[in-house]
Amino acid sequence: MTAPLIDPFQRAVNYLRVSVTDRCDFRCVYCMAENMTFLPKKELLTLEELDRLCSKFIDLGVQKLRITGGEPLVRREIMTFFNAMSRHLESGRLRELTLTTNGSQLEKYADQLYAAGVRRVNISLDTIDEAKFAEITRWGRLPQVLKGIDAAQKAGLRVKINAVALKGFNEDELIPLTQWCASRDMDLTWIEVMPMGDLGNEDRLDQYWALSDLRARLGEHYTLTDLAERTGGPARYVRLEETGQKIGFITPLTHNFCESCNRVRLTCTGQLFMCLGQEDMADLRAPLRASEDDGALEDAIRAAIRLKPKGHDFDYSRQTVDGQMSRHMSHTGG
């Protein structure tokens, strides 16, 4: 029996988020600069290398694999990777294979994803106003995403909407977005904007909308019941009694969610970030490419997990963007 991955604070690491590309067909203002410089292809892990790395993590006890980007579905031949990962679902060693997407390519891929064993998708969608959607994504078009949602639900995928709470942008859509999700039987999770990457045109303090305020406003319209459940991520959930839907809150700033952290993040270049809000990382590409023997790779993974910190350093409380990460969110995969 292979020893599981246990960090210095006795947390079992059983959830791996994998960025398969830094590229995206949107340029969301809180995630990417409009004129991004993307990584040279030789620096990216091949799909075969991603398979080998993820398989090793599964050998070491990872049970949940979430595929992210950039936009994961713009990676060429990405279904080859999903189909390869399905063997771990069939063996029972992997409990869940899922992805976070902007929804732009779901009309094309929804049926194939379901066939590969994906049962849930998270779709990033901050507004259902077409003009505002074009503004915040720069390159995105809302009708394309809505068609993707239709295709996902038709294919049998459970859809959850992830919305970044942005003061002065989607505050007025709190109730309309909630009602729209309820009408389509979709859960909704709100995320506090995080200080990731210098985008050159954004003041994170002006964007920041505390979810404590959002929750209070929601409570003026609905009866909120706290739920004890977790889905392997950082969200805390309530049920809206009037609709029965589940609303999640990811609050790295007003409530530090690190005490139960069970996840690490692998970038498309093979860097393993043990914490979203820390700069420390381990290079797994070098041992991966140095030898076909997985012994050195496993040693590198275990050494990285031993460096996993207790928590992040995000902090807006002193009206400065303390703990700001220099890398873009698209690089780490959220």
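What number comes out for the charge environment of SER291, summing +1 per Lys or Arg and -1 per Asp or Glu over other residues with Cβ under 14 Å away?
Result for the local shell: -2.
Can you give the Rg to Rh ratio for region 102-161, taking only C-alpha atoms and Rh from Kirkwood?
When Rh is taken as the Kirkwood radius, the ratio is 1.00.
Quantify, in whole percent, the carbon and sulfur part of the accessible surface of region 80-204 (1.4 Å probe; protein heavy atoms only).
Within region 80-204, the accessible surface is 46 percent carbon and sulfur.
Dividing the Cα convex hull volume of region 74-186 by residue count, how many Å³ per residue is that?
104
What are the residues whose amide H is under 5 Å from the amide H of GLY140, where those residues sit 5 or more places off or on another chain and H is modelled from the backbone?
ARG27
Hey, rough spin-label estimate for ALA131 and ALA303, points 7 angstrom out along Cα→Cβ, what's it come to in nanometres?
Using points 7 Å along Cα→Cβ, the separation is 5.6 nm.
Could you order peptides 123-131, 8-16, 24-32 by the average number of other Cβ atoms within 10 Å of their residues, highest first?
24-32, 123-131, 8-16
Name the long-range amide H neighbours of ASP187: under 5 Å, sequence gap of 5 or more, or other chain; modelled H, no Pro or chain starts.
Here ILE161 satisfy the definition.
How large is ³J(HN,Hα), in whole Hz, for each residue of region 161-167 in order, when computed from phi with the Karplus curve 6.51 cos²θ - 1.76 cosθ + 1.60 and θ = phi - 60°, using x for Gly and Pro?
Each residue of region 161-167 in turn: 8, 9, 10, 7, 7, 10, 4 Hz.
Can you give the alpha-carbon Rg of region 1-154 over 2.2 N^0.38 Å, where N counts its residues?
The reported ratio for this selection is 1.12.
The values are calculated or read from the model by the stated rules, or taken from the named source; none is laboratory data. Just so you know, these numbers come straight off a predicted model, no measurement behind them. As a convention, Cβ positions derive from the backbone with ideal geometry for all residues, glycine included, and neighbour counts pool all protein chains shown. Surface areas here come from the heavy atoms of the whole protein model, side chains and all, with no ligands, DNA or RNA. Shrake-Rupley method; radii C 1.70, N 1.55, O 1.52, S 1.80 Å.
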